[in-house]
1. Based on this model, can you work out whether Lys17 counts as surrounded by fewer than 16 Cβ atoms within 10 Å (Cβ to Cβ) and either modelled with pLDDT under 95 or closer than 24 Å to Lys97 by Cβ (or both)?
2. Can you tell me which residue among Ala142, Ala134, Ala146, Ala107 is of a type outside the set (D, E, K, R), assigned to a helix (DSSP H, G or I), at negative phi and modelled with pLDDT under 90?
3. Mind counting the residues in the stretch 65-82 that are small (Gly, Ala, Ser), modelled with pLDDT of 95 or more and surrounded by 20 or more Cβ atoms within 10 Å (Cβ to Cβ)?
4. Being more than 11 Å from the chain's Cα centre (by Cα), under 13 Å from Ile50 (Cβ atoms) and of a type in the set (A, V, I, L, M, F, W, C) is the filter here, so list the residues in the stretch 1-37 that pass it.
5. Tell me the strands (runs of 3 or more DSSP E) entirely within the stretch 1-104 that contain at least 1 residues that are among the acidic types (Asp, Glu).
Amino acid sequence: MVIVPQILVDADACPVKDEIYKVAWRHEVAVKIVSNSRLRVPDHPLIERILVSDGFDAADDWIAEAADATSIVVTADILLADRALKAGATVLAPTGKPFTTASIGPAIATRAIMADLRAGMGEGVGGPPPFSKADRSQFLQALDAALVRLKRAG
């Protein structure tokens, strides 16, 4: 059986959509851009725009239901990453950092601690560092490597 990978993108705040398109075209892999709002996407047969309702977590729910062992999910959302991992997907943050079954528990715990700190101290608690060129480059390499692994597994 040949594995046909797909890339599922939590797209509303994704800073690496252009990079995803480039890698997907090179590998001839379908991409589903999932968002609550209408986003511009290239007119290309491998790219599909999925517009979901503006309900809370509607995009996350769609991605979690569509994710499986043939999927690469791109998201910065730790709780969506957890759901996608449980569905068997490969999950990458836009920085290229992989979410794994070993790393997701500590990531969820850190998220909860940061939420508590923000609740107690207000929004003055720092968030993630600004997105950099190095993050973009690391993401390109991680996505390419993940696609190669998926294709070899088939």
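The values are calculated or read from the model by the stated rules, or taken from the named source; none is laboratory data. Predicted model only: the values in this text are computed from it and were never measured. Here the Cβ positions follow ideal geometry from the backbone for every residue, glycine too, while neighbour counts run over all protein chains shown.
1. Numbers: surrounded by fewer than 16 Cβ atoms within 10 Å (Cβ to Cβ): no; either modelled with pLDDT under 95 or closer than 24 Å to Lys97 by Cβ (or both): yes.
Here the answer is no, as Lys17 does not meet what is asked.
2. Working: Ala142 fails: modelled with pLDDT under 90; Ala134 fails: modelled with pLDDT under 90; Ala146 fails: modelled with pLDDT under 90.
Selected residue: Ala107, the only one of Ala142, Ala134, Ala146, Ala107 that is of a type outside the set (D, E, K, R), assigned to a helix (DSSP H, G or I), at negative phi and modelled with pLDDT under 90.
3. Number satisfying all stated conditions: 2.
4. Result: Ala30, Val31.
5. On the way: elements: 6-10, 30-35, 47-51, 71-74, 90-92.
Once the strands (runs of 3 or more DSSP E) in the stretch 1-104 are filtered for at least 1 residues that are among the acidic types (Asp, Glu), what remains is 6-10, 47-51.
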